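Structure record follows, encoded as structure tokens.
The values are calculated or read from the model by the stated rules, or taken from the named source; none is laboratory data. Keep in mind it's a predicted model, so treat the numbers as computed, not measured. Positions of Cβ are backbone-derived with ideal geometry, glycine not excepted, and every protein chain shown enters the neighbour counts. Note: areas computed on protein heavy atoms with side chains; ligands, DNA, RNA excluded. Shrake-Rupley method; radii C 1.70, N 1.55, O 1.52, S 1.80 Å.
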Amino acid sequence: MTRIGFAGMTHLGLVSGVSASEKGFGVVCYDPDAARIAAIGGRRLPVSEPRLEELAAKNAPRLRFTANAADLAACDVIYVAPDVPTDDHGGSDLGPIDRLLAAVFDAARPDATVVLLSQVPPGFTRSKQREGRTLYYQVETLVFGRAVQRALEPERYIVGCADPSRPLPPAYRAFLGAHSCPVLPMRYESAELAKISINMFLVASVSTANTLAGVCEKIGADWAEIVPSLRLDRRIGQHAYLNAGLGISGGNLERDLGTVMALSREHGADAELVRAFLESSEHRKDWPLRKLHATVLRETDSPTIAVLGLAYKEDTHSTKNSPAIALIRALGPWPIRVYDPVVKADAVPHPRATFGASALDAVRGVDALALMTPWTEFRALRCGELARAMRGRTVIDPYRLLDANAAADAGLRVHSLGAA
């Protein structure tokens with residue numbers, strides 16, 4: 001049977017390795033950090049994803065975790081898949097990929113296929129070719145909160161090749177074929193730019209939705225009423241990203257915008273559209289703070305604010321560029337109470353923060369509530385219980401988690417994105 005290796009046991013590599021084992025493949029998962037490997041072996045996974053722990057336990061006989069690169073010699077296909085760290089401006093640190101790719105080349109059998117899965121800028125993969133080695137670049141499908149689902153059921157595979165006209169190696173072709181989706185071979189640079197292109201179109205959709213939701217708030221329209229008409233337009237479609245949000249977060253989209261800006265500067269191309277996307281994102285991230293200033297902070301002496309949700313979106317532990325963290329930093333002068341079902345208290349950058357034992361515990365006695373992550377459990381909150389627990393009546397609910405009629409009946413004053 002084809003044996004698959006994954007090097008780099010952070011989010012991308014761990015999810016990909018566990019998902020490959022669920023498809024029936026024997027998998028070797030390598031990371032040079034022995035402490036990380038020990039933690040994973042002890043079922044203390046460094047990331048939070050729906051079904052990840054369950055599938056890791058279920059497929060334990062097919063999974064081998066190791067800090068010894070030599071163990072990758074047992075593999076027919078080896079993915080180099082560390083997460084790519086980014087700074088606050090979307091800049092990528094490619095050093096970990098360089099080091100891990102070199103280790104994989106040294107450890108792999110001569111007939112093994114090496115696949116770079118981590119996202120890299122155009123031109124990177126071609127520069128890493130090594131004589132006598134077979135190297136491909138594959139566009140990753142990772143979406144935080146849906147990573148396992150997308151690894152098991154990919155929409156398509158985009159494969160960057162030194163020569164797209166040549167057939168893929170049998171072992172690599174067998175692994176991709178097990179996922180029953182289209183495979184699109186293309187030159188390295190096209191595949192590298194394809195991932196960025198996908199994210200650019202996503203950013204365009206996000207930015208357009210946020211801009212129009214902002215207009216709705218000013219003229220008395222309701223963006224939620226408009227969205228169904230867009231989903232019924234075939235040119236936009238039922239799966240389009242149309243929900244209003246708090247800018248662009250998570251790191252991946254910001255990285256791709258930064259890459260396009262850098263490429264445009266280097267080659268003299270126009271990037272004003274990208275600059276506008278970034279400015280729009282920053283404006284939307286300040287929306288909760290603007291609402292709190294307008295409703296509570298200017299009118300109440302020493303108000304206490306509850307912030308429910310720290311992750312940048314539901315079903316993930318990541319707080320990278322999270323609007324909730326940005327809001328908490330801006331609330332430095334005021335005491336806050338915080339709760340998140342996954343993210344721990346040490347992620348809160350605030351000297352006067354108290355971490356609640358539950359969502360309801362966190363809102364006790366507060367003057368205002370900000371629901372900053374659309375976790376499923378927050379949708380189940382009862383407006384009457386919130387009203388009885390809170391001192392004030394202001395609720396900042398960007399994602400419309402609360403039932404509007406129930407909130408009104410409870411006397412809560414709810415402010416949501418895209419509604420006047």
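For Gly24, the conditions (1) touching a strand residue (DSSP E or B) at 6+ places or on another chain (Cβ under 7 Å); (2) surrounded by fewer than 19 Cβ atoms within 10 Å (Cβ to Cβ) all hold with the exception of (1). For segment 320-332: of the residues being part of a loop (DSSP other than H, G, I, E, B) and out of contact with any His (no Cβ under 8 Å at 6 or more places or on another chain), which is surrounded by the most Cβ atoms within 10 Å (Cβ to Cβ)? In this case the residue turns out to be Ser322. Thr86 falls short on exactly one of the conditions (1) modelled with pLDDT of 95 or more; (2) touching a strand residue (DSSP E or B) at 6+ places or on another chain (Cβ under 6 Å), and that condition is (1). Scoring Arg388 on the criteria (1) open to solvent by 50 Å² or more (accessible area, probe 1.4 Å); (2) on the phi < 0 side of the Ramachandran plot; (3) in a loop (DSSP other than H, G, I, E, B) leaves a single failure, condition (3). Within segment 203-249, if we keep just the residues that are touching a helix residue (DSSP H, G or I) at 6+ places or on another chain (Cβ under 8 Å), surrounded by fewer than 17 Cβ atoms within 10 Å (Cβ to Cβ) and among the hydroxyl-bearing types (Ser, Thr, Tyr), the residue that is modelled with the highest pLDDT turns out to be Thr211. Please state which of the following conditions Pro61 fails to meet, knowing it meets all the rest: (1) under 20 Å from Leu101 (Cα atoms); (2) surrounded by fewer than 16 Cβ atoms within 10 Å (Cβ to Cβ); (3) of a type outside the set (A, V, I, L, M, F, W, C). All conditions are met except number (1).
Applying the condition of being modelled with pLDDT of 95 or more and over 18 Å from Ile248 (Cβ atoms) to segment 304-319 and asking which residue is surrounded by the fewest Cβ atoms within 10 Å (Cβ to Cβ) yields Thr304. In segment 110-155, which residues are crowded, with 20+ Cβ neighbours inside 10 Å and free of Cβ contacts under 8 Å to residues at least 24 places away in the same chain? Thr141 - this is the single residue of segment 110-155 that is crowded, with 20+ Cβ neighbours inside 10 Å and free of Cβ contacts under 8 Å to residues at least 24 places away in the same chain. Glu54 fails exactly one of the following numbered conditions: (1) open to solvent by less than 50 Å² (accessible area, probe 1.4 Å); (2) at pLDDT 95 or above. What is the number of that condition? Against the list (1) open to solvent by less than 50 Å² (accessible area, probe 1.4 Å); (2) at pLDDT 95 or above, Glu54 comes up short only on (1). The set of residues from segment 133-148 being touching a helix residue (DSSP H, G or I) at 6+ places or on another chain (Cβ under 9 Å) and either outside any helix (DSSP H, G or I) or not hydrophobic (A, V, I, L, M, F, W, C) (or both) comprises Arg133, Thr134, Leu135, Tyr136, Tyr137, Gln138, Val139, Glu140, Thr141, Leu142, Val143, Phe144. If you go through segment 89-109 and keep only what is out of contact with any Ser or Thr (no Cβ under 6 Å at 6 or more places or on another chain) and either modelled with pLDDT under 95 or charged (D, E, K, R) (or both), you end up with His89, Gly90, Gly91, Asp93, Leu94, Gly95, Pro96, Asp98, Arg99, Asp106, Arg109. Residues in segment 372-385 that are assigned to a helix (DSSP H, G or I) and either open to solvent by 70 Å² or more (accessible area, probe 1.4 Å) or of a type in the set (Asp, Glu) (or both): Thr376, Glu377, Arg379, Glu385.
How many residues are assigned to a helix (DSSP H, G or I), of a type outside the set (Lys, Arg) and without any contact (Cβ under 8 Å) to a residue 12 or more places away in the chain if we restrict to segment 199-234? Qualifying residue count, segment 199-234: 6. Candidates Asp83, Asp76, Asp71, Asp31: the one that is touching a His at 6+ places or on another chain (Cβ under 7 Å) and within 19 Å of Val104 (Cβ to Cβ) is Asp83. The set of residues from segment 402-420 being among the hydrophobic types (A, V, I, L, M, F, W, C), open to solvent by 70 Å² or more (accessible area, probe 1.4 Å) and part of a loop (DSSP other than H, G, I, E, B) comprises just one member, Ala420. Residues in segment 259-287 that are of a type in the set (D, E, K, R) and under 19 Å from the mean Cα position of the chain (by Cα) were compared, and the one that is least open to solvent (accessible area, probe 1.4 Å) is Arg284.
Being aliphatic (A, V, I, L, M), surrounded by 14 or more Cβ atoms within 10 Å (Cβ to Cβ) and over 20 Å from the mean Cα position of the chain (by Cα) is the filter here; which residues of segment 333-371 pass it?
Filtering segment 333-371 for residues aliphatic (A, V, I, L, M) gives 336, 338, 342-343, 345, 347-348, 353, 357, 359-360, 362-363, 366, 368-371.
Narrowing the set further to residues that are surrounded by 14 or more Cβ atoms within 10 Å (Cβ to Cβ) leaves 336, 338, 342-343, 347-348, 353, 359-360, 362-363, 366, 368-371.
The answer is Ile336, Val338, Ala353, Ala359, Leu360, Ala362, Val363, Val366, Ala368, Leu369, Ala370.
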